[in-house]
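Just so you know, all these numbers are worked out from the coordinates, no wet-lab data involved. Please read all numbers here as calculations on a predicted model, not as lab measurements. Cβ sites come from the backbone with ideal geometry, for glycine too, and all protein chains shown count toward neighbours.
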């Protein structure tokens with residue numbers, strides 16, 4: 001008898017059927033599971049955060065802490081809150 005190498009047609013068909021089932025389940029979960037809605041919300045949140053960060057850099061935004069309102073750029077805000085603070089670093 002000759003030794004046969006390779007896969008049979010039945011094994012190939014079974015593999016393709018299993019892959020199609022996995023693709024169908026994945027697509028169903030992505031559409032019905034709200035994956036695209038979650039991605040759209042994450043994109044909107046990222047754009048909003050980028051806009052807020054740009055406003056901080058140009059000094060448009062003010063920071064409210066308790067009853068005081070500190071307008072200005074990020075550097076003036078940091079210096080306002082750290083004027084009585086000593087920052088030390090340690091290197092080990």
Worksheet, complete the sentence: When 5, 41 are arranged by how many other beta-carbons sit within 10 Å of their Cβ, fewest first, they go 5, 41
Discussion item. Between residue 15 and residue 49, what is 0.36 nm times their sequence separation minus the Cα-Cα distance? Round to one decimal in nm.
Written reply: 7.7 nm
